[in-house]
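J.: My questions will all concern the structure given below.
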Amino acid sequence: MIQLDHFLEATRGQLLTKGKQQTFDAFNHDTRQLIPGEMFVAVRGERSNGHDYLLDALQRGAAALCIENSYLEASDSEIRDRISQAEITTVLVPDTRLALQQYASFILRLWQPTVIAITGSTGKTSTKEAIARVLGNNFATFRSWQNYNDLLGLPLSLGRLQERHEFAVLELACDHPNEISQLCQIIQPTIGILTNISPAHLKYFENLDHFANELGSLLTNLPASGFALFNQDDPLIRELHLPIQARQLPYSPAAVSNLTMGWEGLSFNLQAEESTLRLSSHLIGTHHVSTMLAAYTIGKLCGIETDELQHSLAQLEPLSGRLNPLAGCYGSRLLDDTHNATPASMLAGLQALKDLPAGQRIAVLGDMLRLGSFEEEAHHQVGQAAAQSVDYLITRGEKAALIADSARQNGLLPEQVIVTSTHEDAARATRQILEHSNHNQPTSVLIKGSEETRMEWVTERLLQKPASAPEVLVRQTPGWKQIVVMRAERPTWLEIDLSAIGNNTRYIKELVGKNVQVLASLKADGYGHGALKVARTVLHNGATMLGVATVSEATPLREAGITAPILVFGYVPLWQMREAVRQDLTVTLYASESAHALSRAAQALEKTVKVHVKVDTGMARLGIRFEEINDLLALLREIKQLPGLELEGIFTHFAKADSSDKEHVQLQLARFKHVLEIVETHGLRPPIAHAANSAATLSLPEAHFQMVRPGIALYGLDPSEDVRVPANFRAALSFKTQVAQVKIIPAGECISYGCTYQTDRPTRIAVIPVGYADGFRRTPNNWGSVLVHGETAPIRGRVCMDQCMIDVTHLPQVRMGDEVVLIGQQGNATLTAEMVAQRLGTISYEVVSEILARVPRID
C-alpha cells in the first residue's frame, strides 16, 4: 500500500496534480497488466518507454502517474492537457527507476520489518515461498511479488508492503555484476540465504567464479548482528572464501536420511538435537530437501515450535511452473516446470522425472538461454542426462536441438528423439506418443525451458482440461499473452511465424489428399524464412520430402540431423556427385554423363542413391525436351541398369501456372501426361511423378499426380495476383527495425547520397538501421514507405548500405527505439510482401528471398 506523502518524501518528487486518491494499491509499469487503483510508473527501458503509454494508463484506470520531468517538458500540449484533465495524482521525478528504489529503501526503514533475502542460481522463489509459509502462520509476513527480484522488480514489488508486516521475505536475482550489492543497499537485509551456485545468467559475467562471488555478496552485505544461511553441500559455495560478519548457519541436505519421493511429495528424516524429525511436503524433486531445510532453519531461528514447523512444511505445494504435477491428456501425468530453465534446474527436473513411478517417461525440453560461453556444453550435459532418464525426448528450438544431438550420442535411438521448432509440433509429437501408450502406469511428461521459450504453451496443449490453463500455468495474464520475450541480435530483424508455416502445410496436405505426397521447397534458405526451422516444421505437418536448389543448400539440413528425403532440383556438377551420395540426397538427372558419374560415386561409397529425371515440357530450363522421347527412354533404361542408382521419380516444371490464362500450363500438362504414357508403355515409369508448384497445387488438381512441390504458398504468400492462397493461409514473415534517431531537417537541405531529395519545408526525419545490405532495395525502385505507429511513413532520399531515412513530420510522437514495420502488420495497417513487390516491380518470392542472412530470424 503506497501513501502519497511517503512517496513524495522518499523521492522528493514534485506534485503536479493531486487527485482524489492519496493511497494506491501497488506500483505498475506495464499497462497491459494494470489494475485500477494502482500508480503507473513510466519507466524507460532498453526496448520501450513507459511514457509512451501514459494515455493508455489513464484509460485503464490508473489512480496516479509517476513520470519524469524531462518527458513532460518535451511532450506536446495535447498530452499535458489530457493528464491535467484526468484529475489524478501526478508526481514528477528526475528518474522513475531511481524513485522506485528510493521509495523501497525509505519504506523499509520507516516500517522496519525484519528483511530476509534469498539468492542463488536456482530455487530462490520456492525457498522464498516456503519461508513465507512457515513464518506466515505466526507473523504478518510479506513476500516479494511473483519473481520480481531485480533492481526494477523488487522496488515495484515493495509497493505492496504494509505497515503491519513483521517480516519481508525478498528474492534477489542478478544478471550483471554488482546487482546483488546494489539490492542489499536498498533493502538492508538482516538474514541472508544462499541456496546454491550453478551456471545461470553467465552472459554478462566473465566466468562462473565471478558469478559465484556475485551471489555470495549477499552474505557479505549482512550486518554482524544478522544470520547467514547457506547450503554447505554445494561445492561452489564451499569454495567461496567470503568475509562474512553475520553468524553462519549452514545446512546440509546430504545429512538427511530415509528420503522418499512420489507424486504425493517429498519426505525425509532430519536429526535435530537429540531427536529425529520427519519432515514432509508436497514438493516434487529431491533438490527441494534444500528448500525445506532452509525454511525449517529460519522457522527455528524465529522461535517457531517444531510441531508447527512440521505442519507448515506439510502444507507446501508446488508453485505454478515449478515441477507442478498436472493431469494430462490420454491419462498422462505432466510435470510442468516451465517457469524458467538453467542447467541445474534442467538436471533436477530430469532426475525428478526419473525418480517418479511411471509407465514411460517423456521429456519436452526447450532452449536454455543467457549462458554465455557455457551454452553449448550445458545443452550437451542435459542431453547426456536425458539419455539416462527418458524413453522419449522431444526438443523445441535450435539450442535445444543440441540436447537432442547429445542424447542420441549417449544412447537414445533416433526414433526416441524428436526435434521440433514450434510449440504446436512439440505438443503434437507428445500427444502421438501418449495416444499409443499402453503401459499399466500413466506416462510422465516433463515440460521445461527458459522463460523466453514460453514452454507453458506446450503444457497447455497437453492438459487433460486445457480450459484450466489460466489457473494452473505460469504467464497467463492478459499482459503476458501479448508479450514476446525473444529478442533479435540487432535492431533490424525478421519474425518468422513457424506456426503459420505448419498451418499452411497442413492445409496443403488436406487439399491434395492422403494419396499425394507433399515435397516442401526450401530453396534460398526457405525463401528467406530459415530452411532448417522450416524443414522441421513442414515435416511435422504433412510434408514427407524436401527440395533444395543445390547440394550446398542440403548440407546444413543433414548436419542438423534432418533425415527426410531431400531432392536437389538443380544442376549437380560431376565433381559434387560423391558429396550428394554421401549426404543421401536425391539427385535430378537429365544427362547420361551425369548418371554415369553418380553411379561411380555411389559404387565408391557402397551406397544406393535415388534419382528423379527432369523433363522440359515448355519452361526451356533444365531437363530433357519432351520431343526427345528416345533420349529420355534411353536415359531411363540407363539409370535402371547402372549400379548404385534407384529410379524414383520423373518431373517437369510449369512456366505459367500462376496465370489466369491456363492455355500454356494445360499445354505443358498434356505434354507431360503424354510422356508418362510412353514411359509407362515401355515399363519405365518411376513410382513418383510430379509437376505442381504452389500455383498448380492450388489451382490445377489434375497436375497433382503422386506428389506436389509447394514453395511460396507454404510461407503464406500468393503465387501471383491471379492465384492467391486461400483465406485460411497465414503469412509467416514480418520484417522490422527500430528508429535510431529523430531530427528536424531545415527546408532546402538534401537527404542521403546524391542529394536526390531536398526538403521543401522543415522536415522531421527518422533514421532507421536497415539498408540494401539487408535486402532493403535501393534501386531502380525502393520500398517507397514503411509503417510507424500504424501509419505510413515515406522513404526520403536514397537507401544507404545500412541505413535509410523516413519522413515522420506527420507523426510527432515518433522517437528513438520505436518499432518500424517493413513487411507485416502494425495496428490496423498492413504492408505485405506482395505490396512491396508491386512497388519494386518484382514478385514476392524475390522480396523475401533477398533479405540477407545478416538479418537475424526469430520465431
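The values are calculated or read from the model by the stated rules, or taken from the named source; none is laboratory data. Because the structure is a prediction, the values reported are computed rather than measured. Please note: Cβ atoms are built from the backbone with ideal geometry, for glycine as well, and neighbour counts cover all protein chains shown. Keep in mind that these areas ignore ligands, DNA and RNA; they rest on the heavy atoms of the full protein, side chains included. Shrake-Rupley method; radii C 1.70, N 1.55, O 1.52, S 1.80 Å.
J.: With a bin width of 5 angstrom, please list the P(r) values of segment 174-222 as percents of all Cα-Cα pairs, from the 0 bin to the one holding the largest distance.
T.: Percent of Cα pairs in each bin: 5, 23, 32, 23, 13, 4, 0.
J.: Take the alpha-carbon centre of segment 824-846, take the same for segment 110-189, and report the distance between them in whole Å.
T.: Their Cα centres are 50 Å away from one another.
J.: Continuing with this model, one more query. Distance from a point 7 Å along Cα→Cβ of ALA853 to each backbone N in segment 761-787: keep the residues under 18 Å and list them by number.
T.: Under 18 Å, as judged by backbone N against the label point of ALA853, lie 773-776 of segment 761-787.
J.: Using the basic label-point model (7 angstrom from Cα toward the beta carbon), what is the ILE79 to GLN188 distance in nanometres?
T.: For ILE79 paired with GLN188, the spin-label model returns 3.7 nm.
J.: If you don't mind, there's one more thing I want to ask. Name the residues whose placed amide hydrogens come within less than 5 Å of the amide hydrogen of ARG333, ignoring near sequence neighbours (fewer than 5 apart) on the same chain.
T.: GLY328, THR443, SER444, VAL445
J.: Moving to a separate point now. Given C-alpha coordinates of segment 261-348, what is the ratio Rg to Rh with the Kirkwood estimate of Rh?
T.: 1.03
J.: If I model a spin label at GLN825 and ASP5 as a point 7 Å from the Cα along the Cα→Cβ vector, what separation in nanometres do I get?
T.: So the label points at GLN825 and ASP5 sit 5.1 nm apart.
J.: Express in nm, to one decimal, how much length is gained between GLN813 and ARG238 on full extension, taking 0.36 nm for each residue of separation and deducting their alpha carbon distance.
T.: Gain on stretching GLN813 to ARG238: 201.6 nm.
J.: Oh, and also: Please compute, for the alpha-carbon atoms of segment 186-254, the extent along each of the three principal axes and give them in descending order in Å.
T.: 34, 34, 18
J.: Give the Rg/Rh ratio for segment 1-56, taking Rg as the radius of gyration of the Cα atoms and Rh as the Kirkwood radius, to two decimals. Kindly include the intermediate steps, with their values, before the conclusion.
T.: Details: Rg = 11.9 Å, Rh = 12.3 Å.
Taking Rh as the inverse mean 1/r over Cα pairs, Rg/Rh reads 0.97.
J.: Work out, step by step, the length gained on full extension between TRP480 and ALA327: first 0.36 nm times the residue separation, then minus their alpha carbon distance; give nm to one decimal.
T.: Length gained, TRP480 through ALA327: 52.7 nm.
J.: Now, a different point. Return, ordered by residue number, the residues of segment 596-634 whose backbone nitrogen is under 17 Å from a label point located 7 Å along Cα→Cβ of LYS673.
T.: Under cut-off, by backbone N: 617-618.
J.: What is the antiparallel percent of DSSP beta bridges lying wholly in the chain, to the nearest 5? Present the calculation step by step, with values, prior to reporting the outcome.
T.: On the way: 53 of 131 bridges.
Looking only at bridges with both residues in the chain, the antiparallel portion is about 40 percent.
J.: With r as the distance between the Cβ atoms of GLU317 and ASP584 and R0 = 35 Å, compute the FRET efficiency 1/(1 + (r/R0)^6) and round to 0.05.
T.: 0.10
J.: Separate question: Explain nothing, just the number: relative contact order of the chain, from Cα pairs under 8 Å at least 6 residues apart, as a whole percent.
T.: Details: 1886 pairs, mean separation 60.7, N = 859.
Contact order relative to length: 7 percent.
J.: To continue, here is another question. Specify the angular offset, from 0 to 90 degrees and rounded to the nearest 10, of the alpha carbon long axis of helix 375-387 from the longest principal axis of the alpha carbons in the chain.
T.: 80 degrees
J.: How big is segment 8-156 along each principal axis, measuring the range of its Cα positions in Å and listing the largest first?
T.: 52, 31, 25
J.: Rolling a 1.4 angstrom probe over the protein heavy atoms, how many square angstrom per residue are accessible across segment 185-339? The partial results should precede the final answer.
T.: Working: 6600 Å² over 155 residues.
About 43 Å² of surface per residue is accessible.
J.: Here's something else I'd like to know. Please find the FRET efficiency linking HIS596 to GLU627, where r is the Cβ-Cβ separation and R0 is fixed at 22 Å, and quote it to the nearest 0.05.
T.: Once rounded, the FRET efficiency stands at 0.40.
J.: Taking a cut-off of 19 Å, what percent of all Cα-Cα pairs in segment 781-859 are separated by more than that?
T.: Values: 1258 of 3081 pairs.
The proportion of pairs with Cα distances above 19 Å equals 41 percent.
J.: With the cut-off at 27 Å, report for segment 289-442 the share of all Cα pairs above it, as a whole percent.
T.: 31 percent
J.: Could I ask something else about it? So how compact is the chain: Cα radius of gyration and Dmax in angstrom?
T.: 31.6, 99
J.: Can you give the angle from 0 to 90° between the axis of helix 343-355 and the longest principal axis of the chain, with both taken from C-alpha atoms, to the nearest 10?
T.: Compared with the principal axis, the helix lies near 90 degrees.
J.: By what distance, in whole Å, do the Cα atoms of segment 90-174 stretch along each of the three principal axes, largest value first?
T.: So the three principal-axis extents are 40, 30, 18 Å.
J.: With the full set of protein chains in place, find how many percent of the accessible area of segment 744-859 is carbon and sulfur; take the probe as 1.4 Å.
T.: Reported share for carbon and sulfur atoms: 52 percent.
J.: Counting only heavy atoms of protein chains, what accessible area per residue, in Å², does segment 737-845 have with a probe of 1.4 Å?
T.: 45 Å²
J.: State, to one decimal in nm, how far the label point of ASN781 lies from the label point of LYS743, with both points 7 Å from Cα in the Cβ direction.
T.: 3.1 nm
J.: Shifting gears a bit: Given the Cα-Cα distance of SER660 and GLN441 and 0.36 nm per residue of separation, how much length would full extension add, in nm?
T.: Extra length from SER660 to GLN441 when fully extended: 73.0 nm.
J.: Also, quick follow-up: When the Debye formula is applied to the Cα atoms of segment 700-859, each taken as the same point scatterer, what base-10 log of I(q)/I(0) results at q = 0.13, 0.18 Å⁻¹?
T.: -0.65, -1.11
J.: From the phi angles alone, apply the Karplus equation (6.51, -1.76, 1.60; θ = phi - 60°) to segment 464-470 and give each ³J(HN,Hα) in whole Hz, x where the residue is Gly or Pro.
T.: Per-residue couplings from phi come out as 4, 10, x, 5, 7, 3, x Hz.
J.: Here is a follow-up. Once the Cβ-Cβ distance between CYS755 and ASP25 is put in as r, and R0 is 45 Å, what FRET efficiency do you end up with, to the nearest 0.05?
T.: It comes to 0.20.
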